[in-house]
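**Student:** Sharing a structure with you now.
The values are calculated or read from the model by the stated rules, or taken from the named source; none is laboratory data. Computed from a predicted model, the values in this text were never measured in an experiment. Here the Cβ positions follow ideal geometry from the backbone for every residue, glycine too, while neighbour counts run over all protein chains shown.
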Amino acid sequence: MKIGLLPGASAVLCAALLATALTGLQVKRSIEDDAVRHFAFICDQITLKIEERLGAAALASWVYSPERMRYLMDGVLRDWERHDGRSVELHVYRGSGAVPAELLFDSAGPATAIRNTLFHQRRTLAFGGGEWLLEFDHFATAAAVGYGAAWAALAGGLALSGLLFGLVLALARARASPAGFREASRRARQLAEAMRGREAQLQKLSQAVEQSPESIVITDLEGRIEYVNAAFTAVSGYGRDEVIGENPRILNSGKTPGASYAAMWQALAQGEPWRGEFCNRRRDGGEYVEFAIVTPMRQADGRITHYVATKEDITEKKRIGAELDQHRHHLEELVARRTAELEIERERTERAGRAKSEFLANMSHEIRTPINAVVGFAHLCLKLELPARGRDYVSKIGVAAQSLLAIVNDVLDLSKIDAGKLELESVVFSLDEVLEKVAGLFSLKANEKGVELVIAALPGIPERLLGDPLRLGQVLVNLVGNALKFTERGEVRLLVKAEAVGAAEARLRFEVRDSGLGMTPQQRASLFTAFGQADSSITRKYGGSGLGLAISKQLVERMQGELSVQSEAGAGSCFSFSARFGVAAAAAVPAHSALSGTRVLVVDDNADVRKLFSVNMKTFGCRVEAVASGELALAGLDAGDDYDLIVMD
């Protein structure tokens, strides 16, 4: 039975030993896997730390040198060893391959270390527009790796067989638990994503600074240059290797005022930006002007560690500005000279104008005096008993003298207008009286030509106005006289109506319409020009100086109105204008109560005249009837119509 049990026990023991050995190997493999994963995590952490330091160095215009690389990498490794307690060997190559000629950094591992190929990792890092290869090696002893645990498990299995086998198996299973690996993998992925995001952001900022069209210079607090971009080298002519570590005073031309530098350092000492201009010298000796903004660079804790200068070459702008100033000054001189010449010319013109006005006034006076004598004596001669031929001669002398006197008066008025000496009076007058004078002047002439002359004012016009009745009459006489002159048959009508009437002011509209020759558009264009008429043949046929309308236009404008004309060739003309007048105190539209209820019969073959009479008589309170002929009037009377007043043409 013992012999039977021994093989069984041996089998069990051998099985336990084999199982324990296998378990020990599994534990060894599990420990090695955990160590590899942990080392990979360490490499990710160190890579992230290197990237952070390289990013900060890039913003401070970091330039590669072996000393700076060793200072940077040794600092990273020392920080990690203090944190983790494990030594790591690091090799940094420029590019994506481990080429000895491109080796940038090599750390020395411990002397007693034994290379273990399980602990070898590689990482790539983008920096400075290219790639770096990071190669990690971990030199560890057997104790550091954890192999003792595997051999202890094997010895325990030999001594304790199944019990220790179960314990070792449980330990192996516990060591093989993937929870820690999953957590480390998750953190590694997060770190990798953060690294990629920061890398993209840093690369974007680096490209923006490097490709900026304005010069950018970064210095330390002592003024030593740590970084310049491509625009700086293009403007100054210096290469990066020539200015790194130098002071920006190498650009000093000696023409920048010392006060500018003093103001700059004073602002920077107070932590404030400074703006100003520098006159600098290029590498080839040429000078240029820059507008600079120098700003302190603050870290997260508020410390100022660098100064950043952004500079724009404004040499061309300065040159153009100087040329513009020179042209502006020259233009101002020309304007001043021309203004002086124009002032002299204006004074000369004014003197000539005054001399002309004085001459015309004197000559007009000298001419009017004998003309008035001729008119007066002609009038007296016509009262004598003269033979028919002599009376005719004297009459023609009087008419010619009157015409000459009118021309002289027009010339005198025109000279006054040109000299600005024509002033309008402001007196109380009655519009009816002005219209009566106009009618008295032209009624006989209209009757001789067989032209019907109609002059009327519509109701609503104040009885007493404030203005210049003489000049108003002069305009109306000119317009009505011209209308009669160029109308052989038909009618000439002067109509006045109120456009707006207030307590202190009235605006009246005057229209003079005729059925005469009319005018073409070309003739209307030169109508209001002094000494101009619609046609040169008109002067020969109808006479006149061509001054009347020009003077009338000026007079109307002084009455705050505008003289205009509507005309067609062969269809007559209509001259119209508006004028402002004051309303005399206590003036009102008269009320004629004495005529109220009176029956009036108006007889006229002209429909417009009948309408005007009817409207005016109704304002007196009359009951008006109008007929077009005497036959119709007699027919009404025969029919028994009874009228208190009959108005007939």
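**Student:** Can you name every one of the strands (runs of 3 or more DSSP E) wholly within the range 436-528 that holds 2 or more residues which are more than 54 Å from the chain's Cα centre (by Cα) and over 21 Å from ARG580 (Cβ atoms)?
**Tutor:** Values: elements: 452-457, 464-467, 491-501, 505-514.
Here the list reads 452-457, 491-501.
**Student:** Could you tell me which of the residues ARG319, ARG298, ARG281 is within 16 Å of ALA231 (Cα to Cα) and not acidic (Asp, Glu)? Talk me through it step by step, then tell me what you get.
**Tutor:** On the way: ARG319 fails: within 16 Å of ALA231 (Cα to Cα); ARG298 fails: within 16 Å of ALA231 (Cα to Cα).
Of ARG319, ARG298, ARG281, the one residue that is within 16 Å of ALA231 (Cα to Cα) and not acidic (Asp, Glu) is ARG281.
**Student:** If I filter the range 371-396 down to residues being closer than 28 Å to LEU549 by Cβ and not polar (S, T, N, Q), which single residue comes out as surrounded by the most Cβ atoms within 10 Å (Cβ to Cβ)? Spell out how you get there, then give the answer.
**Tutor:** Step one: filter the range 371-396 for residues closer than 28 Å to LEU549 by Cβ, giving 371-372, 374-375, 396.
Applying the additional criterion that residues be not polar (S, T, N, Q) yields 371, 374-375, 396.
Working: ILE371: 21, VAL374: 16, VAL375: 19, LYS396: 11.
By that ranking, first place goes to ILE371.
**Student:** Another one. Let me spell it out: the conditions are (1) surrounded by 15 or more Cβ atoms within 10 Å (Cβ to Cβ); (2) at pLDDT 75 or above; (3) over 30 Å from VAL228 (Cα atoms); (4) touching a helix residue (DSSP H, G or I) at 6+ places or on another chain (Cβ under 9 Å), and PHE39 meets all of them except one. Which number is the exception?
**Tutor:** Tallying (1) surrounded by 15 or more Cβ atoms within 10 Å (Cβ to Cβ); (2) at pLDDT 75 or above; (3) over 30 Å from VAL228 (Cα atoms); (4) touching a helix residue (DSSP H, G or I) at 6+ places or on another chain (Cβ under 9 Å), PHE39 fails exactly one: (4).
**Student:** Please find, within the range 522-565, the residue that is nearest to PRO469 (Cα to Cα) out of those that are of a type in the set (Gly, Ala, Ser), modelled with pLDDT of 70 or more and crowded, with 17+ Cβ neighbours inside 10 Å. Can you show your working first?
**Tutor:** Of all residues in the range 522-565, those of a type in the set (Gly, Ala, Ser) come to 525-526, 530, 532, 534, 536-537, 543-546, 548, 550, 552, 561, 564.
Applying the additional criterion that residues be modelled with pLDDT of 70 or more yields 525-526, 548, 550, 552, 561, 564.
Keeping just the survivors that are crowded, with 17+ Cβ neighbours inside 10 Å gives 548, 550, 552, 561.
On the way: GLY548: 17, ALA550: 19, SER552: 14, GLY561: 15 Å.
Here the residue is SER552.
**Student:** Let me confirm something: among ASP638, ASP608, which residue is modelled with pLDDT under 75 and either basic (Lys, Arg) or closer than 30 Å to ARG524 by Cβ (or both)? Before you say what the answer is, go through the steps one by one.
**Tutor:** Values: ASP638 fails: either basic (Lys, Arg) or closer than 30 Å to ARG524 by Cβ (or both).
Criteria check complete, one pass: ASP608.
**Student:** Tally the residues that are modelled with pLDDT under 90 and either in contact with a helix residue (DSSP H, G or I) (Cβ under 7 Å, 6 or more places away or on another chain) or surrounded by fewer than 19 Cβ atoms within 10 Å (Cβ to Cβ) (or both), restricting the search to the range 453-468.
**Tutor:** Here the count works out to 11.
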